[in-house]
Each structure stands twice: as structure tokens, then as C-alpha cells.
Amino acid sequence: MLTRKAAYRVAVVGATGAVGAEMIEVLEERKFPVENLLPLASVRSAGGTVSFRGQEIPVRILSKDSFEGIDIALFSAGSDVSREFAPLAAKAGAVVIDNSAAWRMEPDVPLVVPEVNRSDVFSHKGIIANPNCSTIQMVVALKPLHDQARIKRIVVTTFQSVSGTGKEAMDELMEETRALLSFKEAKPKVYPYQIAFNCLPHIDEFLPSGYTKEEMKLLNETRKIMGDPSIRVTATTVRVPVYVGHSEAINIETERKLTANEARAILSTAPGVQLYDDPQRKIYPMPLDVAGRDEVYVGRIREDESIPNGLNLWVVADNLRKGAALNAVQIAECLIQ
Ligand code: NAP
Ligand code: 3JN
């Protein structure tokens with residue numbers, strides 16, 4: 001358990017990565033009470049620094065002893081690192097907020113999106129999991145509708161930006177675009193195929209069922225966060241050549257009928273949601289506009305005319321902020337409030 005203090009010693013594991021760098025920025029922006037920041041990464045980052053509150057802070061190499069005296073440890077260095085080091089951090093007395101898939105489905109580990117299941121934070125036993133970015137933006141938009149009309153089934157297709165894969169993938173999109181515009185060949189390394197000017201219906205590994213692990217995260221995590229194992233979810237996840245911002249085309253079937261206007265009214269006051277829906281004026285959310293913003297943007301709300309109680313929605317959020325760093329810092333804020 002976290003003792004209340006004026007300021008906290010915070011470690012960021014994966015501080016040099018796409019998500020870790022965003023975490024440090026969000027901590028500073030939201031004036032999180034940080035007494036000391038400890039940026040941790042691999043030997044590849046030895047000698048490097050990160051900027052925090054106008055200071056250059058040396059990056060330390062992650063080791064078993066990194067967590068002595070740490071109050072809160074934000075992890076975003078992948079599942080293997082989290083599996084090995086999160087229990088050590090918790091044992092040393094830190095509360096871990098983990099961004100990887102390593103602990104999300106463990107029954108003893110709360111999986112939290114503060115707008116949806118804030119109170120779950122307080123049942124932690126040292127580790128709290130941050131959901132997958134695609135799940136976070138979907139549940140922020142759908143929980144208010146579920147509370148009013150009970151969602152029975154969700155059909156979702158995602159359009160996920162390359163920043164979801166990390167720094168190297170962002171560089172790959174830039175290098176491929178540059179090469180192709182100079183009539184040279186694209187040489188994919190991070191992705192199995194060229195991502196520039198293309199779409200890959202493949203995120204994370206394929207399972208024997210034909211689904212990917214990313215698609216199954218949307219199913220399992222949604223049920224756990226919404227606290228309703230009866231919700232049926234089916235997903236197709238697609239990587240698109242966008243730098244920042246994941247988009248989702250979502251179809252829901254509800255027990256009680258919701259008109260498009262009712263859904264708009266509910267979402268116009270929902271926490272963390274920005275309704276952006278006026279197609280006659282060409283108003284709908286797009287990743288270019290939503291990158292850098294905190295809210296989950298919802299537009300294109302329409303009644304699904306193929307079933308009695310169905311709705312279609314288009315949901316866009318900044319995957320590095322609400323999808324990862326911001327959600328993690330909001331969990332930390334719940335802990336200290
Ligand atoms: P990234 O840009 O590739 O950064 C990876 C970070 O992890 C770097 O700081 C790297 O340090 C560090 N790292 C890697 N191996 C390490 C090790 N053995 N010991 C210590 N540090 C190590 O990746 P990213 O996009 O930030 O994502 C990082 C992780 O966050 C992902 O693997 C995933 O688990 C999680 N994530 C979650 C979501 C979500 O949906 N909530 C979204 C994206 C990512 P060096 O720079 O020294 O190599
Ligand atoms: O691809 C995306 O848009 C989100 C990526 C998330 C991710 C990337 C690598 C490893 C995860 C995750 O959070 O589920 C993981 C992982 O921890 O398994």
C-alpha cells in the first residue's frame with residue numbers, strides 16, 4: 001500500500017521508449033507530485049538522459065536493485081521485463097502500474113481505466129495493470145452506453161497507428177515513405193510487409209483460431225474492465241500508416257433500444273469522452289486532430305438499421321496518451337488521492 005506523502009519517488013521502466021517518454025511528459029504536464037524521477041532502460045541507453053522539469057536526468061540501467069525506496073513504478077518495457085521485474089518492484093514496496101499484457105488477466109491484478117472502474121485500483125496487491133490501448137478507448141466510449149442500455153455484443157475493427165509498435169516502427173514508416181517517394185524499394189524490418197501506403201490486418205501474433213492476440217485482448221480485457229463476462233466481442237485489428245492515434249469502427253447491439261440522439265446525449269456528458277459528431281458540417285474525429293489530446297473522441301453515431309437495437313460509432317484516441325501513458329498516470333493519481 002502507498003503511504004500518503006507530499007511527493008513520491010517514481011521510477012519509469014522503459015523511459016527511453018515511445019510510451020515511457022510520453023509518461024514522463026504526462027507526469028510533468030499534470031504536475032504529478034514527483035519527489036525524484038528514476039528513468040530506467042536497457043544497456044542500450046547507458047549514458048543517455050531524459051528531460052524532466054527542465055533538468056536532464058541520467059537514465060539508469062534496470063537491475064534487480066533498481067526499486068529500493070521507490071513508491072510508484074510505471075512499467076512500459078514489454079511483457080518479459082514486466083514479468084521479471086514487476087514482482088521485484090512490488091516486493092521492494094513500490095506500487096507497480098504495468099503497461100504490458102503480462103499481468104492484465106491475472107485475477108489478483110486490477111485492470112483499470114479510471115473513467116470506467118476506478119474503484120478497482122484499491123484492491124491491488126502491488127501490481128495494477130494498464131489495459132491495451134485499443135481496449136481503453138473502446139471502454140471509455142462504451143461504458144456509459146452499457147450503463148444505460150446493456151451492451152450484449154460488440155463488433156469492432158481497429159485502425160492502429162505505428163506508434164503502437166514503438167519507436168522503431170515510427171522510424172520504419174518514415175524511412176519507407178522516403179524511399180518509395182524517391183523510387184527506391186521499401187525494406188521492412190519491424191513489420192512483415194511494407195507499412196507505408198498499405199494496411200496490415202495483423203497486430204501481435206496469430207493464434208491457432210486465426211485471431212491475433214491483439215484481437216483477443218479486446219475481448220478479454222473489455223469483459224474484465226466492464227465487470228461483465230457475458231458481453232460478446234469480436235474484433236479485427238489492422239495496422240495503418242498513421243503515426244499517432246488509433247481509430248475504431250464499433251458496432252454494438254444493446255438489450256434496450258438506444259436512438260442515435262440518446263447515445264449522443266449520454267456521451268456528451270460522459271467522463272473522458274469528447275463528442276465530435278456533426279457529419280453535415282464534416283465534423284468527425286480523425287487521428288491527425290486527436291493526436292496530443294487526452295479525451296476519447298466519438299463521432300459518426302448511427303442507428304444500425306440491420307437489427308432492432310444496434311448502433312455504429314467511430315472512436316478515435318491518442319494511443320500513446322489515453323491508450324497508455326495518460327491512463328497509467330491517471331491510475332497513479334487515483335492511488336494518491
Ligand atoms: P519502444 O519504443 O520500443 O521502447 C521500449 C522501451 O523499453 C525502451 O525504453 C527500452 O530501452 C526499454 N527496454 C526494452 N528492453 C529492456 C530491458 N531488457 N531492460 C530495460 N529496459 C528495456 O516500445 P514502446 O512502444 O514504448 O512500448 C513498450 C511496451 O509498452 C510494449 O512492449 C508494451 O508492453 C507496452 N505498450 C502498451 C501499450 C498499451 O496498449 N497500453 C501500447 C504500447 C506499448 P532501450 O531504449 O534502452 O532499448
Ligand atoms: O500495437 C499497438 O497498437 C499496441 C501495442 C501494444 C503492445 C505492444 C507490444 C507488446 C503490447 C500490449 O500492450 O498489449 C505488448 C504486450 O505487452 O504484450
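Just so you know, all these numbers are worked out from the coordinates, no wet-lab data involved. Please read these numbers as outputs of a predicted model, since none were measured by experiment. Here the Cβ positions follow ideal geometry from the backbone for every residue, glycine too, while neighbour counts run over all protein chains shown.
Secondary-structure-derived ellipticity at 222 nm for the chain, considering helices only, amounts to -9000 deg cm²/dmol, per-run term -39500 (n - 2.57) for DSSP H runs with n ≥ 4. Between LEU288 and ALA265, the FRET efficiency from the beta-carbon distance, with R0 = 22 Å, is close to 0.20. Between the C-alpha center of segment 58-82 and that of segment 13-50 there is a gap of 10 Å.
Computed across segment 76-120, the Kirkwood radius stands at 11.2 Å (inverse of mean 1/r, all Cα pairs). With bins 5 Å wide beginning at 0, the percent of Cα pairs of segment 49-201 falling in each bin runs 2, 8, 12, 14, 14, 14, 14, 11, 7, 3, 1, 0. Amide H contacts of VAL50: ILE57, VAL59, each under 5 Å away and 5 or more positions distant or on a separate chain (H built 1.01 Å from N in the peptide plane; Pro and chain starts excluded). Excluding same-chain neighbours fewer than eight residues apart, the lysines reachable from LYS5 by a Cα-Cα span under 16 Å are LYS31.
Classify the chain: rounded, prolate or oblate, from the alpha-carbon gyration tensor (a ≥ b ≥ c, eigenvalue square roots; a/c under 1.5 rounded; otherwise prolate if a/b is larger than b/c)? Intermediate values should be presented prior to the final figure.
On the way: a/c = 1.76, a/b = 1.26, b/c = 1.40.
Oblate, since a/c reaches 1.5 and b/c is not below a/b.
What shape does segment 217-267 take by its C-alpha gyration tensor, where a ≥ b ≥ c are the square roots of the eigenvalues and a/c under 1.5 counts as rounded, a/b above b/c as prolate, and the rest as oblate?
oblate
The Cα-based radius of gyration of segment 213-319, divided by its Kirkwood radius, gives an Rg/Rh of 0.96. Under 20 Å from a label point set 7 Å out along the Cα-to-Cβ vector of GLU205, the amide N atoms of segment 161-180 belong to 165-166. Expressed to the nearest 5 percent, the antiparallel share of DSSP beta bridges inside segment 1-131 is 15 percent.
Pairs with C-alpha atoms separated by more than 18 Å, drawn from the list LYS152/LYS257; LYS152/LYS224; LYS224/LYS257; LYS217/LYS257; LYS189/LYS322, are LYS224/LYS257; LYS217/LYS257; LYS189/LYS322.
For the chain, the antiparallel share of DSSP beta bridges with both residues in that region comes to about 45%.
Relative contact order of segment 183-337: 20 percent, from C-alpha pairs under 8 Å at least 6 residues apart in sequence. Residue-wise HN-Hα couplings along segment 16-33, as the Karplus relation 6.51 cos²θ - 1.76 cosθ + 1.60 with θ = phi - 60° gives them from phi, are 8, x, 4, 6, x, 4, 5, 4, 5, 4, 5, 4, 5, 4, 8, 6, 4, x Hz; Gly and Pro carry x. Measuring between their Cα centroids, segment 293-336 and segment 129-186 lie 12 Å from each other.
Contact order for segment 65-118, expressed relative to its length and based on alpha carbon pairs under 8 Å spaced 6+ residues apart, stands at 36 percent. Basic side chains Lys and Arg get +1 at the Cβ, acidic Asp and Glu get -1 at the Cβ, and with that the dipole of the chain about its Cα centre reaches some 260 debye.
From the Cα gyration tensor of segment 1-139, with a ≥ b ≥ c the square roots of its eigenvalues, which class applies: rounded if a/c is under 1.5, or else prolate if a/b is larger than b/c, or else oblate?
Rounded, since a/c falls under 1.5.
Modelled this way, with points 7 Å down the Cα-to-C-beta line, the labels at THR177 and LYS31 are 3.6 nm from one another. Ordering of 69-77, 111-119, 214-222, 2-10 by packing is 69-77, 214-222, 111-119, 2-10, highest average first (other Cβ atoms within 10 Å, averaged per residue). Ordering of 168-177, 126-135 by packing is 126-135, 168-177, highest average first (other Cβ atoms within 10 Å, averaged per residue).
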